[in-house]
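Reviewing the structure listed below.
The values are calculated or read from the model by the stated rules, or taken from the named source; none is laboratory data. Values in this document were obtained by computation on a predicted structure and should not be read as measured data. Positions of Cβ are backbone-derived with ideal geometry, glycine not excepted, and every protein chain shown enters the neighbour counts. For accessibility, only protein heavy atoms count, side chains too; no ligands or nucleic acids. Shrake-Rupley method; radii C 1.70, N 1.55, O 1.52, S 1.80 Å.
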Amino acid sequence: MRRSPPLTAPFIAALLTSLVSLAIAGSAQAADSWCRTDDPGTTEQIRQERKISNDKVGEIACPARLSPDKFPDELWLPLPCGHFLGLRRVEIPLQTVLDQKEIYLGDGSDGTAGAETEADQTRHKVQSGAWRTTISAPLARPKAQNVRFFYIGKYEVSEIQFEIFQRGLMEPGAASAPGACAPIDEMAAKVPGTRAMPTTRLSWIQAQRFTDALTRYLISLDQARIEKQSAPQALPWVEATPTYLRLPTEVEWEFAARGGEASPATQLQRLHSIRDKDGKTVLPPLEEIASITTPQMRTPPGYEVHPMGRKKPNLLGLFDMLGNVDEMTMDLFHPIHPTGTLAALSGGVVLRGGNATDPPDSIGVGMRREKALYNRSGAALGSATGFRPVLAGPFFVNKTNTRFEELVGNPEVDKLLVDAYKRQIVPAGTGSAERQAVLDQLSKLKQDNSRQAVTTAEMSKRLDGLQGELERANAAVNERDRRNRQQLIENQVSLAVGYNALYRRISVAPSLFELIEFRARAANDEGKSLQAATKEIESGKQSLERLKGTKAEMFPRYVDGIAAITRDGKKAVEEALSAVQEAQKSRNDRDYRRALKVVTKHIIEYLEMQQSIDPKRQQEWARDLEDQFIKVSE
């Protein structure tokens, strides 16, 4: 009788590694063409560019999987049965680990034009109006802590990917059982070309369980490698701690949907930008970026949604951020307070992005919807609701050694925190000496008091001295802030002058081209002048297009500038405006005086609109800076 080998630790590790290899490889068919169903948008773009027929789309080479420890732009996580989940990196440049980026979210366009009643208008403002918050991110490269980032799904989770979870194939060793992957292979084989479908009809709890199961599966793959003294290859790790999958916060979702930019100007844009064929950033029509059901564009039989990746991705390479499937986030729904922040009241779960059945004018990157967690049937499901995961990680982690064993403490993180904290609290700039003197006196006073070495009279005397130091420091800081506000207004006036000058150049260009051509045709030199004029006009038209691009970029910066000026409130802004207006009386510059009146008008309007601007007013501002700029009375 043949004896079984002893179950030693090396034998168990080798066995587990073999099972892992089988789980990752799956069937040959799935492994060779996984991108057809797991990366359908990019694969379809390649198919169309190369004019490959649908029956041969499986021959397109799938993207190479870059090592996760390099934190690549595009990260592919292995799933059982030879499938993969793709994520894209979303960066947030910051100076220290405690810094945060101020962002402007929601529908800043005041999408209440179609609302019939005051109640409808208020509901829109409370549900999807403009609001502001801050953002950071949990991940960073070890030697580049000033660039924080997270990963978010390139697509929503697909039917095939979710079916792998539903069948329990993410549990250790389950996918390596004979025939375990056959149903998954059959599902993939039935997908026509790249027309993979997103998963729907699932609850918020099920979405959470998917991210949990996949995270544990990936950790098991890496654990098998670690036990063989190899580096992890399934997940990125932060020292001795693995990263993990979860649902995105709604702030992460909208920041990613907007392409990694959320300023007062982009808050006015209902749709996200894309890159055109020339690499320029443009705002597309909805039908180019969102799958919406119309009489001309119907869903497959039995579905209320469309295949994934059929439209153009956003600036971060994310597909289907709008339309098709509305996406669950990790957050509970909070109404938007009139102050432009989220109210304390919490409700159901936040859905983002809209779906294929929504009216087109209700879909936008800032639109929010509340979904109840439960209904009379139990857990609430949605026939057009899905999700895309985020990859994140912890911040406070212990160091690791080469065997990925967890050590005690992390001096590097401690130093980052100390430096970041000091940067926030140590006095700097105007009044810093006075404020540091206050801190020093407080420290000494605390020491003396702990030793009971100070009398009541001495304490009173020292407190009076501290009050004087604080008053002097406050005066210095206030003076600096006043100068800064005045400088911001003067810079805004210069921007307005430059914008108007650019507009004038663009406006007169067609007439100049006509004049050049007229003079060339009038010349009696056998067409030589006309030939030279044609080249000159063509060159001028190219320059004109560049000027138009510059002008288009200037207006959002102008809006951002107005927003920055008004942050300190009406009283401080009015004081700064008065100082600038008084100073300009000595300037013999007609354009500057005209521009100052326009900028003043816009600042006052922005304050009256509670620091937001709707599209109609935005158009009026642009006209003020263009034709009507020169009509401002002296």
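In the chain, helical runs assigned H by DSSP with n ≥ 4 each contribute -39500 (n - 2.57); averaged across all residues and rounded to the nearest 500, the mean residue ellipticity at 222 nm is -15000 deg cm²/dmol. Straight Cα distances below 16 angstrom link LYS70 to the aspartates and glutamates GLU91, ASP222, GLU239, with same-chain residues fewer than 8 positions distant left out. Calculated from the structure at hand, Rg and Dmax of the Cα atoms in Å is found among (1) 53.9, 185; (2) 30.4, 110; (3) 32.5, 110 as (2). Starting from the Cα of MET609, move 7 Å in the Cα-to-Cβ direction to define the label point; list residues of the range 521-563 whose amide nitrogen is under 12 Å from there. Counting only backbone N, you get 559-560, 562-563. Protection proxy ranking of 230-240, 271-281, by the mean of other Cβ atoms within 10 Å over each peptide's residues and highest first, is 230-240, 271-281.
Stretching the chain fully between ARG50 and ALA177 yields a gain of 41.9 nm (0.36 nm per residue, less the alpha carbon separation).
Solvent-accessible area assigned to carbon and sulfur over the chain amounts to 52 percent, based on a 1.4 Å probe. Under 14 Å Cα to Cα from LYS541, which aspartates and glutamates show up? Leave out anything in the same chain fewer than 8 places away. List returned: GLU514, GLU517. Which residues does a label at ARG567 reach in the range 85-105, if reach means a backbone N under 11 Å from a point 7 Å past the Cα toward the Cβ? The answer is 101-103.
Using R0 = 25 Å, the C-beta based FRET efficiency linking SER578 and THR339 works out to 0.40.
Fully extending the segment from ARG403 to ARG451, taken as 0.36 nm per residue of separation minus the present Cα-Cα distance, adds 12.3 nm. Judged by the mean number of other Cβ atoms found within 10 Å, the most tightly packed of the peptides 209-219, 177-187 leads the ranking 209-219, 177-187.
Rounded to the nearest whole Hz, the Karplus-based 3J(HN,Hα) values (6.51 cos²θ - 1.76 cosθ + 1.60, θ = phi - 60°) of the range 614-623 follow the sequence 8, x, 4, 5, 4, 5, 5, 4, 4, 5, with x at glycine and proline.
Among 558-567, 355-364, the peptide with the highest mean count of other Cβ atoms within 10 Å heads the list, and the full ranking is 558-567, 355-364. Which of the residue pairs LYS56/LYS190; LYS311/LYS548; LYS154/LYS311 have a Cα-Cα distance greater than 20 Å in the structure shown? Going by Cα-Cα distance, LYS311/LYS548 fall outside the 20 Å limit. With the simple spin-label model, which puts each label point 7 Å out from Cα in the Cβ direction, the ARG504 to ARG298 separation comes to 5.9 nm. The modelled label-to-label distance for the pair LEU381/THR241, using points 7 Å beyond Cα in the direction of Cβ, is 3.7 nm.
Taking 21 Å as the limit for the C-alpha separation, the pairs LYS415/LYS444; LYS312/LYS616; LYS51/LYS312 exceed it in the case of LYS415/LYS444; LYS312/LYS616. Per residue, the range 473-628 exposes an accessible area of 59 Å² to a 1.4 Å probe, with every protein chain left in place. Distant-in-sequence amide contacts of THR249, defined by a placed amide H-H separation under 5 Å and a gap of 5 or more residues or a different chain, comprise MET330.
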